[in-house]
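The structure under discussion appears below in the form of structure tokens.
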Amino acid sequence: MRLVLVGPPGAGKGTQAQFIAAHLAVPKISTGDIFRENVGAGTELGVAAKKYMDSGDLVPDEITIAMVRDRLAEDDAADGFLLDGFPRNVPQAETLEKTLHDMGSALDVVLELVVDDEEVIRRLSGRRTCRNCGHIWHVDFDPPSQEGRCDHCGGELFQRDDDRPETVRHRLEVYAAQTAPLIAFYAERGLLVGIDATGPVDDVTERAIEALHRYGG
Ligand code: ADP
Ligand code: ADP
């Protein structure tokens, strides 16, 4: 299955991507994670992306698209993938459509996680990520048993720089202006399915998997 997850920052895309990708047995491709890994490793890509990420803006399309093209060409993505955080604007969506078409394939479904702005702000302000395994926690909604430590691997948890309130506000504006138009783009193609992404994480996963079943997942 070839699937895209879409929704505002903090909707729970990364959280759900972990479970949905495992359920479908496809690789999870999170562009934000790939950028953060490159920033951490100080690569040329990371250096180019960092200033945009820090201010909450999108990394320019030529950088992002080249990176995703390379990733989709890897063997493990040949029979399916879950994209989290890409596409994030209409030009990226158009390029993805063309790239897949050239490879003789196409998306099967775009899953929209629907949550309101207030919930998104609550989620982002308490988000913590494991520096070692990347698992996503929340200080109130999904806390690790020991503060600051990942239950899965014992790694150190950190708060993302771009989860500061002023950057979050800007990221929500960027979402509304640039990413939200994808909803209509995919609805027109009959690929969009939206689910209520509020409530416990497990309930959202269940809703997601049920919705994907209707698309052959
Ligand atoms: P969130 O899930 O909280 O919205 P991500 O981890 O997906 O955040 O992305 C973090 C940052 O990485 C974005 O604010 C942006 O700067 C950059 N980024 C990630 N994916 C893309 C993309 N498809 N296009 C441009 N920039 C991106
Ligand atoms: P995104 O990738 O869309 O930016 P994340 O998956 O990183 O979102 O989730 C943002 C924050 O919200 C994280 O701290 C995560 O633990 C928390 N979270 C995710 N799903 C839920 C949920 N259903 N209820 C409460 N908090 C959630």
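The values are calculated or read from the model by the stated rules, or taken from the named source; none is laboratory data. As the structure is a prediction and not an experimental result, all values here were calculated from the model. We place every Cβ from the backbone using ideal geometry, glycine too, and count neighbours over all the protein chains shown.
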Problem - Unmet criterion (only one of (1) within 15 Å of ligand 2 (Cβ to nearest atom); (2) out of contact with any His (no Cβ under 9 Å at 6 or more places or on another chain); (3) of a type outside the set (D, E, K, R)) for GLY56 - result: (2)
Problem - Qualifying position, being of a type in the set (A, V, I, L, M, F, W, C), within 30 Å of LEU191 (Cα to Cα) and crowded, with 17+ Cβ neighbours inside 10 Å, among VAL114, VAL109, VAL90 - result: VAL109
Exercise for the section: Exactly one condition in (1) modelled with pLDDT of 95 or more; (2) more than 16 Å from ligand 2 (Cβ to nearest atom) is not met by LEU3; state its number. Expected result: (2)
Problem - ALA77 vs. criteria more than 20 Å from GLN18 (Cα to Cα), away from ligand 1 (no atom under 11 Å from the Cβ) and among the aliphatic types (A, V, I, L, M) - result: no
Practice task
Quick one: ARG169 ticks every box in (1) within 16 Å of ligand 1 (Cβ to nearest atom); (2) assigned to a loop (DSSP other than H, G, I, E, B); (3) modelled with pLDDT under 95 except a single one, so which number is it?
Solution key: (2)
Practice task
Just give me the residues in segment 121-132 being within 8 Å of ligand 2 (Cβ to nearest atom) and among the β-branched types (Val, Ile, Thr), in sequence order.
Solution key: THR129
Fill in the blank from the handout: In segment 122-159, residues that are assigned to a loop (DSSP other than H, G, I, E, B) and closer than 24 Å to LEU172 by Cα total 7
Completion exercise
For segment 53-64, pairs from a residue that is touching a residue at least 12 places away in the same chain (Cβ under 8 Å) to a residue that is part of a loop (DSSP other than H, G, I, E, B) and near ligand 1 (Cβ under 7 Å from one of its atoms), with Cβ under 6 Å and 6 or more apart or across chains, are LEU58/ARG88
Practice task
Specify which of the listed residues (GLY194, GLY217) is modelled with pLDDT under 95 and either in contact with a strand residue (DSSP E or B) (Cβ under 8 Å, 6 or more places away or on another chain) or at positive phi (or both).
Solution key: GLY217
Completion exercise
A careful count of residues in segment 163-184 that are surrounded by 19 or more Cβ atoms within 10 Å (Cβ to Cβ) and farther than 15 Å from TYR52 by Cα gives 2
Practice task
Report whether or not LEU212 is under 19 Å from the mean Cα position of the chain (by Cα), within 14 Å of ligand 1 (Cβ to nearest atom), in a helix (DSSP H, G or I) and under 24 Å from ALA106 (Cβ atoms).
Solution key: no
Practice task
Please tell me if GLY217 is surrounded by 14 or more Cβ atoms within 10 Å (Cβ to Cβ), assigned to a loop (DSSP other than H, G, I, E, B), away from ligand 2 (no atom under 13 Å from the Cβ) and in contact (Cβ under 8 Å) with a residue 40 or more places away in the chain.
Solution key: yes
